[in-house]
Amino acid sequence: MKEAIFPAPGPTGLHARTAGLLMKAASAFKARIDVSANGRTADAKSVMGLMALGAEAGTPLTIRADGPEAEQAVKAIGAFLTGQPIK
């Protein structure tokens, strides 16, 4: 299992568009990926679950992935959240 913490992107946090893009990025990997914030956890491949976290800009998001592509998934989601190029 791989885990890392990144801030929710600004200025809107995990609202519909950002949650949809994060879900799309997560869906590219063969791994179970969870995102935790504000005492809640959601499947990264569920846009409704991500939006239900209520993560505003800057909220710490814990990304946990388990499976064959866990390390790549955490790196790619971290890159997306921090505005870095996804490799």
The ³J(HN,Hα) series, computed from each phi in segment 39-44 with the Karplus coefficients 6.51, -1.76 and 1.60 at θ = phi - 60°, rounded to the nearest Hz and given as x for glycine or proline, is x, 10, 10, 9, 5, 5
Residue 17 paired with residue 71, simple spin-label distance in nm, labels 7 Å along Cα-to-beta-carbon | 3.5
Checking 41, 59, 12 against a Gaussian network model of the chain (alpha-carbon springs below 10 Å), the top fluctuating residue turns out to be 12
So what are the ³J(HN,Hα) numbers for segment 3-15, from phi and the Karplus equation (6.51, -1.76, 1.60; θ = phi - 60°), rounded to whole Hz, Gly and Pro as x?
-> 8, 7, 10, 9, x, 5, x, x, x, 9, x, 8, 8
Take the chain, compute every pairwise Cα distance, and split them into 5 Å bins from 0; I just need the percent in each bin.
-> 3, 18, 31, 30, 15, 4, 0
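Read-outs throughout are calculated quantities, based only on the coordinates presented, and are distinct from any laboratory measurement. The model shown is predicted, which means the values in this text are computed figures rather than measured ones. Counting neighbours? That spans all protein chains shown, and the Cβs are built from the backbone with ideal geometry, glycine included.
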